[in-house]
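For reference, the structure discussed in these notes is given below.
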Amino acid sequence: MIITDNIQEVRAARWRDAADWGFVPTMGYLHAGHLALVAEAKANNEHVAVSIYVNPTQFAPDEDLSTYPRDMERDLELLRAAGVDLVFTPSDEVMYPAGFQTSVLVKGVTQMLEGASRPTHFEGVTTVVTKLLNIVQPTRAYFGQKDAQQTIVVRRMVQDLNINSEIVIIPTMREADGLAMSSRNKYLDEQQRALAPVLRQSLLAAEKALNAGERDAIVIRALIYRMIAADPLPEIDYISVADPTTLAELDEIEDGALLSLAIFFGKTRLIDNLIWKNA
Ligand code: AMP
């Protein structure tokens with residue numbers, strides 16, 4: 001497995017021949033969700049590259065950049081065991097050298113939900129993902145449904161900028177109690193961890209109501225709200241029932257609607273989502 005922080009080395013390995021490469025961008029501290037993306041990349045490409053880079057530009061000054069969990073040695077072991085060919089581990093100097101002054105900005109679909117709560121986040125994401133896709137030039141790049149809005153933003157950007165990689169979305173991997181796996185779960189104390197599955201539970205309750213015929217978005221948002229607010233610990237950032245393409249909030253819920261939420265447990269912000277399929 002090649003491990004490098006050098007862009008030329010990545011390009012040389014990638015273009016040794018014209019084989020298909022799958023690419024999984026990550027911020028490290030890997031869990032089974034990341035490894036599911038790697039497994040899918042492995043299954044559908046001759047070679048797999050993974051990046052590990054905690055991108056400072058997608059964190060706001062008051063967010064958790066300095067405390068974001070890191071364990072490079074363990075990550076590399078997991079990736080070696082998964083049969084990854086190349087790991088790109090750039091420094092900030094490699095990604096943002098002196099004189100750097102370019103940014104990729106996706107407009108409409110970055111404005112609401114995560115974008116409303118974290119106004120500088122997506123510009124950081126789209127800029128770094130563009131750079132990574134340009135560096136690796138993968139045949140396919142893999143993203144998790146856990147970050148639902150990110151998948152929509154990245155798809156939009158790749159289409160708008162004619163980036164020559166296919167975007168593949170992988171379902172959310174969960175703990176046994178339904179909590180979506182996340183590097184940030186590590187921040188939760190015992191009491192918060194015990195309550196955190198309520199995100200998933202509230203989405204499943206909403207799905208049940210939808211399957212039983214409820215279509216009023218106000219009713220569905222209120223149902224989710226009541227379940228989260230039943231305990232004083234979680235603090236609601238947003239609860240959304242939106243069109244899956246435009247992310248505009250819905251009045252009447254239709255097939256394929258994106259139910260999503262962001263909830264604070266202390267300083268830790270957890271997100272989850274569900275796409276409702278009318279059976
Ligand atoms: P991160 O390291 O958190 O930036 O995540 C890297 C990639 O893994 C992103 O495409 C995430 O959406 C994806 N990912 C994170 N958590 C999960 C999960 N629980 N299941 C599936 N994919 C995930």
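Can you spot the lysines whose alpha carbon is less than 26 Å from residue 277's alpha carbon? Ignore those fewer than 8 places along the same chain. Those lysines meeting the cut-off are 146, 208. In the context of the full set of protein chains, residues of the chain present 48 Å² of accessible surface per residue (probe radius 1.4 Å, heavy atoms only). Report note on the peptides 147-160, 231-244: ranked by the mean count of other C-beta atoms within 10 Å, highest first, their order is 147-160, 231-244.
Charges were assigned to the Cβ only: +1 to each Lys and Arg, -1 to each Asp and Glu. The resulting dipole of the chain about its Cα centre is roughly 260 debye.
When each of the peptides 55-62, 219-226 is scored by how many other beta carbons lie within 10 Å of its residues on average, the order from highest to lowest is 219-226, 55-62. Between the range 32-59 and the range 127-141, the C-alpha centres lie 11 angstrom from each other. For the chain, a Gaussian network of Cα nodes joined below 10 Å ranks 44, 162, 134 by mean-square fluctuation, and the top entry is 162. Compute the relative contact order of the chain as a whole-number percentage, counting only Cα pairs closer than 8 Å that sit 6 or more residues apart in sequence. It rounds to 17 percent for the chain. Projecting the Cα positions of 59, 72, 38 onto the charge dipole of the range 30-82 (unit charges on Cβ atoms of Lys, Arg, Asp and Glu, taken about the Cα centre) puts 38 furthest along the positive direction. The distance linking the range 204-236 with the range 1-24 is 45 Å (Cα centroid to Cα centroid, whole angstrom). Sorting 45-51, 188-194 by average packing, meaning the other beta carbons within 10 Å per residue, from highest down gives 45-51, 188-194.
The values are calculated or read from the model by the stated rules, or taken from the named source; none is laboratory data. Here the structure is a predicted model, which is why all the values come from computation and not from measurement. In this analysis, Cβ positions are derived from the backbone assuming ideal geometry, glycine residues included, and neighbour counts consider all displayed protein chains. Surface areas here come from the heavy atoms of the whole protein model, side chains and all, with no ligands, DNA or RNA. Shrake-Rupley method; radii C 1.70, N 1.55, O 1.52, S 1.80 Å.
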